[in-house]
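See below for the structure under consideration.
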Amino acid sequence: MKKLDKNKLILGIAAPVLAIVAALAITSVIILATGKDPIHAYLVMADFGSKSDSQVWIINKAVPYYLSALAVAIGFRMNLFNIGVDGQYRIAAFFAAVVGGALTLPGFLQIPIIIIVAMLVGSVWAGIAGLLKTTRGVSEVITTIMLNAIAAAVIGYFLQDGRLAVKDGNLFHTPNLPASSHFFTLPTQPAPLDGFLVIAVIVGFVYWFVLNRTRFGFDLRTVGQSESAAEAGGVSVKRMIVTSMLLSGAAAGLIGMPTLLGSSYNYGTDFPIGIGFTGIAIALLGRNHPLGMAAAALLWGFLERTGTQLEFEDYQQEIVGVMQGVIVLCVVVAYELVRRYGLRLQQRQVGAELADRARKTEKAEASA
């Protein structure tokens, strides 16, 4: 038993180490192909990323990335590919901004209302894909892609002067949220941390607890691994699919809240987009584990922050995107290779144990 635990530990460490080494090697070759020094690039990134202002920026940037990864991971654990997280968080943030801009309440009421509206809208938008899958058999990949486009069209229609938006120079945005809607910050130097970091930590813990310590989480993981086995165990697969999409959409509704409640205070044509697709990469990188996704979100923020400094060192600006893609691919490949090796190792161990038992049985029969 101790040997088996030791093997699991070694394999668990081998996968990320292999991925990091492979990613560094491939990235170095790419940088060398551009005629630049990869070692100098890594040193510049490490130096700039270790500065206090960079660390605050990286953590604040990682918060929405982490929430996006959690939304994607809920679907992944059910073997569902919710590629519509981007549309879900955008339309959720938009209508939350509309509701928040129309209300003037004390902060302890205003902020929860805005967050609840965002979660409800995101949940409903994702639930459409879940219903279509369970009632009509339509792939969630197709429906969520289409819902992304529909969400963009709906926002574009209402985000016009005279409808649900106002014009401010060249930009259109919803009415500004009142001061009571401004979320708290954590005082740090040289800049404050986004208070939504606390919410992200709580959501990450809830994600871990529900999936690993509740009957619902067990049913969800069972359906993700084998629908037929789940059905045989009395689990309603259709209900679990719809519920998982609703939860994924609710989590997606939180993605835009750090920006809406912490910096922009409205939804406009300059509101961040694409975070939902980044969440897919971070969920893959973090292997759907809350701590793994947190590390991946910080890594993503680190690469984006330090990538700007590489441009001043005359490196190609696309190099950061290349690094991110290489890291994700290396992680996926490394974990699959380690998984297969671990499976073969386990099969050899079982075979050796069976052979040993057979030999003992033969000796016992011969002596009898």
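The values are calculated or read from the model by the stated rules, or taken from the named source; none is laboratory data. Fair warning: this is a prediction, and the values are worked out from it, not measured in the lab. Note: ideal-geometry Cβ built from the backbone for every residue, glycine included; neighbour counts use all protein chains shown. Each accessible area value is taken on the protein alone, full model and side chains, heavy atoms only, with ligands, DNA and RNA left out. Shrake-Rupley method; radii C 1.70, N 1.55, O 1.52, S 1.80 Å.
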With everything on Cα atoms, drop me the angle between helix 196-213 and the longest principal axis of the chain, reported from 0 to 90° to the nearest 10. 30 degrees
Using a Förster radius of 35 Å, what is the FRET efficiency between residue 356 and residue 228 based on their Cβ-Cβ separation? Nearest 0.05, please. 0.50
Expected output is a single nm value to one decimal: the length gained when fully extending between residue 193 and residue 341, i.e. 0.36 nm times separation in residues minus the C-alpha distance. What is it? 49.0 nm
On C-alpha positions alone, give me the angle between the axis of helix 290-312 and the longest principal axis of the chain, in degrees, nearest 10. 60 degrees
Just the number please: accessible area per residue for the range 52-327, 1.4 Å probe, all protein chains included, in Å². 44 Å²
Please give the direction-averaged projected area of the C-alpha convex hull for the range 284-337, in square nanometres with one decimal. 3.7 nm²
Per residue, the convex hull enclosing the alpha carbons of the range 215-260 has a volume in Å³ of 65 Å³
Per residue, how big is the convex hull around the C-alpha atoms of the range 87-194? Give it to me in cubic angstrom, could you? 149 Å³
Protein accessible area in the range 52-327, 1.4 Å probe - carbon and sulfur %: 64 percent
Overall form of the range 1-86 per C-alpha gyration tensor (a/c, 1.5; a/b vs b/c): oblate
Report Rg/Rh for the range 52-327, rounded to two decimals, where Rg is the Cα radius of gyration and Rh the Kirkwood radius. 0.98
If I fit a long axis through the Cα atoms of helix 215-225 and take the longest principal axis of the Cα atoms of the chain, what angle between them do I get, 0 to 90°, rounded to 10? 70 degrees
For residue 33, placing the label point 7 angstrom along Cα-to-beta-carbon and taking the range 322-354, residues whose amide nitrogen sits under 20 Å are 322-334
Return the calculated 222 nm mean residue ellipticity for the chain, to the nearest 500 deg cm²/dmol, obtained by summing -39500 (n - 2.57) across DSSP H runs with n ≥ 4 and dividing by the residue count. -25500 deg cm²/dmol
Ratio of Rg to Rh for the range 220-368, alpha carbon only, Kirkwood? 1.20
Under a 1.4 Å probe, counting only protein heavy atoms, residue 289 has an accessible area in Å², nearest 10, of 90 Å²
